[in-house]
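**Student:** My structure is below; once you've seen it, I'll send some questions.
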Amino acid sequence: MPHTTESITKDEIDVCHEAYDILIKNLASKLKGDDKEMLDAAYRMALDAHKFQRRKSGEPYILHPIAVARICHEEIGLGPTAVICALLHDVVEDTPIELDEIFEKFGPKITRIVDGLTKLDGLYNVGNTNAENLKKVLSTLVEDVRVVLIKMADRIHNLRTIGAMPVHKQIKIAAETEFIYAPLAHRLGLYKIKSEFEDIILKITDPEVYLELEEKIKTSEKERQKFIKSFLSPIKNKLDELNIPFRTIGRVKAISSIYQKIQNKNVPFERVYDLFAIRIIIDVPVEEEKRACWHIYSLITDFYKPIPERLKDWITSPKGNGYESLHTTIIGPKGRFVEIQIRTERMDDIAERGFAAHWKYKGKKNQNSVYDGWLDNIRTLLDNQEGDAIDFLNDFKTNLFKKEVYVFTPNGEMRILPLGATALDFAFDIHSDIGIKASSIKVNGKLVPMGYKLVNGDQVTVNTSKNQKPNKDWINIVVTGKARSKIRQSLNSAKKIQADLGKEILVRKLKNLKVDFEENMDFLVNQYGFRTRMEFYAAVADEHVKTSDFKKFVIENSKLCLPKEDIVEKEEVKKTSKKAKKKVQLVVINGEENQQYEYQLSRCCNPVKGDEIFAFVSSTQGMKIHRKNCKNASNLFTNYGYRILKAEWQGMTRSKFIVQLEIEGLDTGIGVIQNITNEISGKLGINMKSLSIAEKEGIFEGSIGMEVNNLEQLNKVIKKLKTIEGINSVNRITNSE
């Protein structure tokens with residue numbers, strides 16, 4: 001949200017005009033009819049609306065919508081309509097201008113898009129306004145995808161300029177981006193933006209790791225360019241002979257991608273061999289694309305040995321988001337692995353600009369059909385409006401899968417599902433009614449459990465029964481949002497029938513007790529520990545709650561109450577508990593040093609004094625302290641942002657923190673356990689709680705548990721362990737919670 005200040009100066013207005021002129025110059029070839037007039041009107045409206053507002057950096061706020069508009073056109077490939085909406089995307093939310101005024105000046109299409117980009121008002125009684133607002137934006141996908149694409153441009157510009165924001169807000173924005181925006185960018189084919197999202201997230205959550213990798217990449221730049229040149233030299237000569245227009249790109253992989261490889265393969269930077277990919281892009285007619293790409297592949301393998309299992313043919317079978325390319329990994333000079341990507345200019349345009357580029361090639365190779373099934377699934381989620389925004393977001397996220405499995409119907413129709421999808425997911429993917437009535441499923445002619453995980457090439461047959469109904473166990477079997485949404489909807493319908501029956505029982509019981517139904521219902525729901533009235537009604541119908549037990553309450557002024565002795569007992573327990581729990585605070589919550597809060601250090605990330613942290617108020621386990629780079633942070637910030645509190649460590653503490661380290665290395669046969677013990681306990685004086693090491697085929701893996709005072713001491717231990725002969729990697733272990 002921009003902050004209000006004095007009006008921007010004349011010099012600043014000149015800077016804004018210059019920025020807008022650059023936008024118009026780059027957009028000039030796309031302008032038709034009254035586009036220029038509409039753009040100028042949008043710019044004037046935005047400039048006037050934001051003239052008293054500045055960003056956290058101090059610059060005029062209007063420069064932000066201009067930058068978003070440029071990203072929309074130059075990086076995503078959107079046209080004048082989207083650019084107009086980008087210029088106006090914050091005026092309704094942050095200024096006195098209302099949608100009626102937008103409608104009057106720009107018409108219904110632009111008004112709908114701007115409305116989609118405007119946060120919802122009046123959500124103060126909603127548990128999570130952020131989830132509701134995200135639901136509103138994502139709901140526009142099936143009507144006009146430009147809303148989401150503009151939102152992507154808005155988010156990437158905010159991240160590029162996030163340095164002026166307080167650290168705790170940076171963490172929140174990074175977590176939300178990791179949870180929904182990065183996966184959505186991938187699903188929409190915006191690979192470049194997705195990679196930048198992930199790089200900035202890493203820079204915020206693990207700045208030391210990011211800067212270390214960035215420095216190593218810069219240091220190896222000269223050697224890498226020399227290698228690429230020598231590698232391409234013989235290939236270029238052969239490509240020239242083909243008389244096909246081509247260009248080559250040697251591109252280093254995103255820092256976040258390299259970091260993921262280091263983590264997943266548990267290797268140091270120096271052992272990540274495919275740090276970069278070489279892209280060969282050819283320019284041929286659509287009908288010649290497949291043959292030409294395979295011809296290039298054949299030419300490359302004449303010079304270098306390919307690794308067969310690393311061949312990926314996304315030309316014959318494009319990814320679910322329309323991505324097409326031929327990938328292979330070959331063994332290059334000096335035994336170095338090199339990833340090669342072969343594609344055409346059309347494929348490269350779609351790979352860079354994703355969904356937006358598909359409209360450009362409408363009618364060619366059935367480009368738009370790749371999104372039809374996906375958008376149908378989104379429509380299904382939206383049709384089920386009974387669920388709350390958090391359920392919607394979690395179901396929606398399952399549609400943003402990166403890895404896919406290709407399976408077939410009995411008629412040979414291919415269906416694309418997320419990796420890990422089950423036979424029951426397939427049934428719902430075919431049609432909701434088939435999923436609801438699925439009684440048995442065969443894969444490749446053999447009967448399988450409904451939870452059978454599909455693999456590439458499976459042919460699936462679903463048998464149905466009109467008497468079949470989903471049960472609550474089905475929710476745990478499926479992974480796709482469509483299936484979960486439909487199962488939940490069916491279960492809720494059955495639950496509503498039970499709830500209606502329970503409500504009737506309660507109405508009769510309270511009438512017999514001569515107390516008012518409405519005035520007493522919230523009291524009963526609270527006393528029995530239910531979240532909602534519907535859950536309580538259903539429990540009464542199932543006899544999990546027996547109305548005969550209501551006799552334990554007393555009636556005062558037509559209201560059910562606890563007996564006075566129960567109230568007194570509860571207050572005494574509360575006072576005693578408060579005295580017992582009072583302790584020195586390790587953590588300050590929301591900057592309130594004198595305020596006592598009860599909390600636990602979360603076991604999923606094991607924070608240590610010195611880690612960047614935040615507090616999360618859980619519904620069942622009280623307040624938990626998490627590291628800002630905790631693997632659960634993105635989910636917590638996005639779905640439960642209203643429960644997040646700022647947290648900081650106190651200045652001095654004698655507390656000890658238990659941490660676990662994972663080590664891996666080569667068995668040199670010279671007593672690695674003794675060396676570890678000497679360094680940690682002997683030289684550093686650290687209390688080791690556990691040590692286990694197992695060796696297999698010359699490689700050992702192990703874990704070390706220890707007590708440390710703070711992050712600085714932990715980092716000293718890690719640094720010292722890395723100097724021990726034979727140890728290749730040392731990593732901090734996090735657990736599932």
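Just so it is clear, none of the values below were taken in a lab; they were calculated from the coordinates. These figures come from a predicted structure and were not determined experimentally. Ideal geometry is used to build each Cβ from the backbone, glycine not excepted, and the neighbour counts take in all protein chains shown.
**Student:** Rounded if a/c is under 1.5, else prolate if a/b beats b/c, else oblate: with a ≥ b ≥ c from the C-alpha gyration tensor eigenvalues square-rooted, which is segment 19-75?
**Tutor:** Oblate shape, in that a/c is at least 1.5 and b/c is the bigger or equal ratio.
**Student:** Would you list 509, 437 from fewest to most Cβ contacts within 10 Å?
**Tutor:** By the 10 Å Cβ count, ascending, the order reads 509, 437.
**Student:** Between residue 710 and residue 211, what FRET efficiency follows from the Cβ-Cβ distance if R0 is 22 Å, with the result rounded to 0.05?
**Tutor:** Approximately 0.55, to the nearest 0.05.
**Student:** What does the charge dipole of segment 691-737 about its Cα centre add up to, to the nearest 20 debye, if the Cβ of each Lys and Arg holds +1 and the Cβ of each Asp and Glu holds -1?
**Tutor:** Dipole of segment 691-737, to the nearest 20 debye: 220 debye.
**Student:** Run the numbers for residue 334 and residue 731: contour at 0.36 nm per residue of separation, minus the present Cα-Cα distance, in nm.
**Tutor:** Stretched out fully, the residue 334 to residue 731 stretch lengthens by 139.9 nm.
**Student:** Could you rank the peptides 655-664, 521-530, 172-181 by their average count of other C-beta atoms within 10 Å per residue, with the highest value first?
**Tutor:** Ranking the peptides 655-664, 521-530, 172-181 by packing returns 172-181, 655-664, 521-530.
**Student:** Among 541, 680, 347, pick out the residue whose Cα is farthest towards the positive end of the charge dipole of the chain, where Lys and Arg carry +1 and Asp and Glu carry -1 on C-beta, about the Cα centre.
**Tutor:** 680
**Student:** Same structure again: Which of the peptides 552-562, 326-336 is most tightly packed, and how do the rest follow, judged by the mean count of other Cβ atoms within 10 Å per residue?
**Tutor:** 326-336, 552-562
**Student:** If neighbour count is taken as other Cβ atoms inside 10 Å, put 484, 533 in order from fewest to most.
**Tutor:** 533, 484
**Student:** On a full-extension model of 0.36 nm per residue, what is the gain between residue 224 and residue 241, subtracting their alpha-carbon distance, rounded to one decimal in nm?
**Tutor:** 3.5 nm
**Student:** What distance in nm separates the simple spin-label points at residue 522 and residue 492, each placed 7 Å from Cα in the Cβ direction?
**Tutor:** Taking the simple label geometry, residue 522 and residue 492 are separated by 2.3 nm.
**Student:** While we're on this one: Per residue and in Å³, how big is the convex hull formed by the alpha-carbon atoms of segment 214-353?
**Tutor:** In segment 214-353, the Cα hull volume divided by residue count equals 125 Å³.
**Student:** Next question. What does the helix-only formula give at 222 nm for the chain: each DSSP H stretch with n ≥ 4 adding -39500 (n - 2.57), the total divided by the residues, and the result rounded to the nearest 500 deg cm²/dmol?
**Tutor:** After summing the helix terms and dividing by residue count, I get -14000 deg cm²/dmol.
**Student:** Follow-up. As I understand it, the dipole of segment 3-190 uses +1 on the Cβ of Lys and Arg and -1 on the Cβ of Asp and Glu, about the Cα centre. Which of 183, 13, 63 lies farthest toward its positive end?
**Tutor:** Highest projection toward the positive end goes to 183.
**Student:** Holding the Cα-Cα limit at 29 Å, pick out from 169/482; 402/486; 305/442; 194/312 the pairs that are longer than that.
**Tutor:** In this structure, 169/482; 305/442 lie more than 29 Å apart at Cα.
**Student:** Most exposed first by the Cβ proxy, i.e. fewest other Cβ within 10 Å, how do 549, 283, 90 rank?
**Tutor:** If I rank by nearby Cβ atoms, fewest first, I get 549, 283, 90.
**Student:** Something else: What FRET efficiency comes out for the pair residue 681/residue 271, r = Cβ-Cβ distance, R0 = 41 Å, nearest 0.05?
**Tutor:** It comes to 0.85.
**Student:** Longer than 23 Å from Cα to Cα, which of 25/253; 172/719; 222/334; 172/722; 119/151; 135/203 are they? Say none if no pair is.
**Tutor:** Check vs 23 Å cut-off fails for 25/253; 172/719; 172/722; 135/203.
**Student:** Apply 1/(1 + (r/R0)^6) to the Cβ-Cβ distance of residue 514 and residue 472, taking R0 = 35 Å, and write down the FRET efficiency to the nearest 0.05.
**Tutor:** After rounding to 0.05, the efficiency reads 0.40.
**Student:** Also, quick follow-up: If you take every residue apart from residue 266 with its C-beta less than 13 Å away from the C-beta of residue 266, what net charge results, scoring Lys and Arg +1 and Asp and Glu -1?
**Tutor:** +1
**Student:** Treat each spin label as a single point 7 Å out from the Cα along the C-beta direction, and report the residue 413 to residue 631 distance in nm.
**Tutor:** 3.7 nm
**Student:** A further question follows. Can you give the percent of C-alpha pairs in segment 491-560 whose distance is more than 16 Å?
**Tutor:** Value for segment 491-560: 42 percent of Cα pairs lie more than 16 Å apart.
**Student:** I would also like to ask the following. Let's see if you can work this out: charge +1 on each Lys and Arg Cβ, -1 on each Asp and Glu Cβ, no other charges. What is the dipole magnitude of segment 657-732 about its Cα centre, in debye to the nearest 20?
**Tutor:** Computed charge dipole of segment 657-732: roughly 340 debye.
**Student:** Let me ask something else. If Lys and Arg each add +1 and Asp and Glu each add -1, what is the summed charge of the other residues whose beta carbon sits under 13 Å from the beta carbon of residue 693?
**Tutor:** -4
**Student:** To the nearest whole percent, what portion of all C-alpha pairs in the chain is separated by more than 36 angstrom?
**Tutor:** For the chain, the share of Cα pairs beyond 36 Å comes to 57 percent.
**Student:** Please give the charge dipole size of the chain, origin at the Cα centre, charges +1 on K and R Cβ atoms and -1 on D and E Cβ atoms. Round to the nearest 20 debye.
**Tutor:** 1780 debye
**Student:** Could you give the nm distance between label points at residue 559 and residue 621, where each point is 7 Å from its Cα heading toward the beta carbon?
**Tutor:** 3.6 nm
**Student:** State the answer as a single residue: which of 204, 304, 699 lies farthest towards the positive end of the charge dipole of the chain, with beta carbon charges of +1 for Lys and Arg and -1 for Asp and Glu, about the Cα centre.
**Tutor:** Of the listed residues, the answer is 699.
**Student:** Over the chain, what is the relative contact order in percent, taking alpha-carbon pairs closer than 8 angstrom and at least six residues apart?
**Tutor:** Dividing the mean separation by the residue count of the chain yields 9 percent.
**Student:** Want the number for residue 36 to residue 59: 0.36 nm per residue separation, take away the alpha-carbon distance, what's left?
**Tutor:** Once the chain is fully extended between residue 36 and residue 59, it gains 5.7 nm.
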